[in-house]
Amino acid sequence: MIAASDVDAFWRDGVVCLRGVLSPGLVRAMEAPVAAAHSADLSELAGAPRGRGRFVAGVDHWLEQPELRAFAVDSPLPALVGALLRTSDVFLYEDSVLVKEPGAAERTMWHQDLGYFHVDGTQVCTTWCPLDPATADSGAMQFVRGSHRWDATYRPNLFVTTESLPGTDGDDVPDIDGGDFDVITFDLEPGDITVHHARTLHAAGGNHTTHTRRAISVRYCGDDVRIRFRPGAPAKPTQAGLRDGDALGGAAHPLVFRHGMS
């Protein structure tokens with residue numbers, strides 16, 4: 001399912017679009033679990049007026065929802081990621097549910113995933129799997145091509161604001177909209193996914209359509225990734241007891257794919 005050109009595109013551009021890699025039945029089966037997922041209202045955080053469409057998001061649903069755990073562990077995603085990352089082992093880092101209701105005007109601000117993650121390494125990526133058609137009008141993802149090669153770790157923000165989280169290390173995210181950067185995007189149908197490197201800068205617009213934009217994002221790590229705690233980044237209770245330099249595995253970040261494993 002993965003061509004050499006897809007692997008090359010991922011490492012060259014920091015993102016690749018894979019068409020039709022998830023079955024229609026699998027995508028439809030995720031609609032009820034996504035609706036039941038406990039998520040935070042980011043529109044309220046942004047000060048949006050009541051009664052307008054909301055932008056809601058949450059993380060680590062795989063820990064409590066069997067359907068979302070199966071999506072992260074037993075779907076085609078781990079094997080696809082293994083090929084893209086050129087890794088023998090694939091470990092689950094986290095999942096998230098991202099829903100922009102019709103009229104949710106909040107833009108997902110430019111950010112880099114690695115600054116939120118308590119890991120370090122080159123083989124870290126995020127899969128973005130829409131349950132609905134995703135276009136520029138509904139909030140499709142945008143990526144700065146090649147930004148994973150800038151050798152910078154940017155401070156995380158709260159997604160709906162450009163203000164960096166207090167106490168975090170690194171550089172503030174540069175002004176992508178005001179600069180001359182190579183920004184790319186993909187219109188996606190259910191079954192299509194994008195996979196981007198954890199250092200790739202990305203964003204998404206508001207949903208200005210009449211249909212909801214729902215997506216599941218699953219983050220994975222490969223062979224060279226180790227625990228590295230980042231000051232100020234959101235804490236994960238599952239990582240209690242881990243130390244800088246620890247390998248991934250176990251209950252916190254289970255092995256979900258191994259090359260040659262049946």
Taking H placed 1.01 Å from N in the peptide plane, check which residues at least 5 places from Tyr154 or on another chain put their amide H under 5 Å from its amide H.
Gly115
Where the accessible area of region 131-262 is counted over protein heavy atoms with a 1.4 Å probe, how much of it, in %, is carbon and sulfur?
49 percent
Simple label model, 7 Å out from Cα along Cβ direction - Arg19 to Arg86, nm:
2.6 nm
The extension gain from His211 to Ala4, computed as 0.36 nm times the residue separation minus the Cα-Cα distance, is 71.0 nm
Taking 7 Å along the Cα-to-C-beta vector as the label spot, tell me the Asp169-Ala235 distance in nanometres, rounded to one decimal.
1.8 nm
To the nearest 0.05, the calculated FRET efficiency linking Asp177 and Glu31 through their beta-carbon distance, R0 being 30 Å, is 0.35
D_trans [Stokes-Einstein, Kirkwood Rh over alpha-carbon pairs] for the chain, 37 °C, 0.692 mPa s, µm² s⁻¹:
178 µm²/s
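The values are calculated or read from the model by the stated rules, or taken from the named source; none is laboratory data. These numbers were taken from a predicted model, which means no experiment stands behind them. Ideal geometry is used to build each Cβ from the backbone, glycine not excepted, and the neighbour counts take in all protein chains shown. Side chains are part of the model used for accessible areas, which takes the heavy atoms of the whole protein and leaves out ligands, DNA and RNA. Shrake-Rupley method; radii C 1.70, N 1.55, O 1.52, S 1.80 Å.
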